Amino acid sequence: MTQEMRRELRAEFIRFAHEAGVLSFGEFTTKAGRKSPYFFNAGLFNDGATLGALAEFYARTLLDAERHGHVKFDMLYGPAYKGITLASATAVALARKDRNVPFAFNRKEAKDHGEGGVLIGAPMRGRVVIVDDVISAGTSVRESVELIRAHGAEPAGVLIALDRQERGGNAEQVSELSAVQEVERNYGLPVFAIAGLDDVLTFLDSGSEAASAQAPYRQRVAEYRNRYGATPAE
């Protein structure tokens with residue numbers, strides 16, 4: 001995939017997320033207490049058509065990273081709860097592209113009957129890509145890394161839908177790195193996002209009818225990016 005093709009993939013995803021109501025603009029408060037002019041709720045990919053389309057974006061992003069030598073993987077893992085459908089749907093999309101890989105996910109509490117344990121799906125093996133919607137505090141990644149290693153496999157990377165490109169902390173205190181950058185530093189894992197906040201701004205600048213309807217929020221999104229945005233790694 002060329003740079004131009006990647007840009008179009010990111011732009012296509014942002015348009016799709018906005019049309020599905022997953023990406024919205026308005027007045028929102030993040031878990032960190034920040035006033036955000038946009039909100040990304042992957043839980044609204046909640047029917048067969050939108051989930052299938054989302055999985056295609058995940059699969060294309062992951063296969064592109066693999067082709068360019070950025071990751072090697074043998075299976076997928078989805079942390080409960082959103083990661084369960086995301087990992088399983090991505091596995092289906094990969095199989096349709098002749099890349100059939102197993103997947104697994106966890107339950108929040110260990111089961112002491114039936115198959116037992118905390119894992120459901122394929123046995124952990126080889127290099128595992130964690131599939132989730134976003135990375136906020138990094139807690140889910142830490143728990144996933146620990147679980148994968150405890151079962152004898154090796155985490156290979158993290159695949160997410162949107163990189164907020166936002167430094168950690170809260171409304172008053174801002175850390176130096178974004179949640180994605182902290183994961184890359186703390187665990188040595190590459191993080192692959194279908195798109196990022198910069199692509200949201202590109203959408204708002206596109207001049208399309210959908211973007212024009214959100215014109216009042218363009219400046220506020222840019223100001224939010226300037227205030228909390230993380231500096232890209234060199």
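Coordinate-derived values only; no laboratory data. The structure presented is a predicted model; accordingly, all values stated were derived computationally and were not measured. So basically every Cβ, Gly included, is an ideal-geometry build from the backbone, and we count neighbours across all protein chains shown.
Evaluate E = 1/(1 + (r/R0)^6) for N186 and S208, where r is the Cβ-Cβ distance and R0 equals 25 Å; express this FRET efficiency to the nearest 0.05.
Step by step, r from the Cβ atoms, then E = 0.05.
Given the convex hull of the Cα atoms of the stretch 156-234, what is a quarter of its surface area in nm²?
Reported value for the Cα convex hull: 6.0 nm².
Filter the GluC sites (Glu not before Pro) in the stretch 125-183 down to the DSSP loop ones having no more than 13 other Cβ atoms within 10 Å, then list what survives.
Counting only loop positions with at most 13 other Cβ atoms within 10 Å, the GluC sites (Glu not before Pro) in the stretch 125-183 are E172.
Could you check the spin-label model distance between A215 and K31? Points 7 Å from the Cα along Cα→Cβ, value in nm.
A separation of 3.6 nm, rounded to one decimal place.
If I stretch the segment between M1 and L44 completely, what's the gain in nm (0.36 nm per residue apart, minus their alpha carbon distance), one decimal?
Net length gain for the segment: 12.6 nm.
Under 30 Å from the Cα of K108, which lysines turn up, not counting those fewer than eight places away in the same chain?
Within the straight-line limit of under 30 Å, K108 reaches these lysines: K31, K72, K82.
Please check: in the Gaussian network model of the chain (C-alpha springs, under 10 Å), which one of D47, D198, D132 has the largest mean-square fluctuation.
Result for the chain, Cα springs under 10 Å: D47 fluctuates most.
Assuming R0 = 22 Å, what is the FRET efficiency of R142 and E176, from their Cβ-Cβ distance, to the nearest 0.05?
0.70
Using alpha carbons only, how many angstrom separate the centre of the stretch 44-115 from the centre of the stretch 173-207?
Spelled out, the Cα-based centre of one part sits 20 Å from the other.
Just want the answer: with Cβ charges of +1 for Lys and Arg and -1 for Asp and Glu, which residue in H68, L51, F39 is farthest toward the dipole's positive end in the stretch 27-68?
Farthest towards the positive end: F39.
List the longest stretch of the chain that has no exposed loop site; here a site is one of the trypsin sites (Lys or Arg not before Pro) assigned by DSSP to anything other than H, G, I, E or B, with at most 13 other Cβ within 10 Å.
It works out to 98-234.
Per residue of the stretch 144-150, in order, report the coupling 6.51 cos²θ - 1.76 cosθ + 1.60 (Karplus, θ = phi - 60°) as ³J(HN,Hα) in whole Hz, putting x for Gly and Pro.
With coefficients 6.51, -1.76 and 1.60, one gets 5, 4, 5, 5, 4, 5, 5 Hz.
Starting from 0.36 nm per residue, how many nanometres of slack lie between A95 and V118 once their C-alpha separation is accounted for?
In short, 5.7 nm is gained.
Going by a ≥ b ≥ c, the root eigenvalues of the Cα gyration tensor, does the stretch 1-54 fall in the rounded group (a/c under 1.5), the prolate group (a/b larger than b/c) or the oblate group?
Oblate.
Could you work out how far helix 215-228 tilts from the main Cα principal axis of the chain, as a 0 to 90 degree angle to the nearest 10?
60 degrees
Excluding same-chain residues fewer than 8 positions from K97, which aspartates and glutamates have a Cα within less than 18 Å of its Cα?
In chain and number order, the partners are E56, D64, E66, D74.
Using a/c under 1.5 as the rounded threshold, could you call the stretch 1-124 rounded, prolate or oblate? The axes a ≥ b ≥ c are square roots of the C-alpha gyration tensor eigenvalues, and prolate needs a/b larger than b/c, oblate otherwise.
Because a/c hits 1.5 or more and a/b fails to exceed b/c, the stretch 1-124 counts as oblate.
Can you show me the helix-derived [θ] at 222 nm for the chain, built from DSSP H runs with n ≥ 4 at -39,500 (n - 2.57) apiece and divided by the number of residues, rounded to the nearest 500.
One gets -13000 deg cm²/dmol as the mean residue ellipticity at 222 nm.
For the chain, set up a Gaussian network in which alpha carbons nearer than 10 Å are linked by springs, and say which option among A42, A104, A80 fluctuates the most.
With Cα springs under 10 Å in the chain, the top fluctuation among A42, A104, A80 is at A80.
Given Cβ point charges of +1 (Lys, Arg) and -1 (Asp, Glu) and nothing else, what value in debye, to the nearest 20, does the dipole of the chain about its Cα centre take?
180 debye
For the residue pair Y81 and A150, what label-to-label distance in nm results when each label sits 7 Å from Cα along the Cα-to-beta-carbon direction?
The answer from the label model is 2.1 nm.
Can you classify the stretch 63-190 as rounded, prolate or oblate using the Cα gyration tensor, where a ≥ b ≥ c are the square roots of its eigenvalues, rounded means a/c under 1.5, and otherwise it's prolate if a/b beats b/c and oblate if not?
oblate
Which of I130, I14, I120 ends up with the largest GNM mean-square fluctuation for the chain, with Cα atoms connected below 10 Å?
Looking only at I130, I14, I120, the biggest GNM fluctuation is shown by I120.
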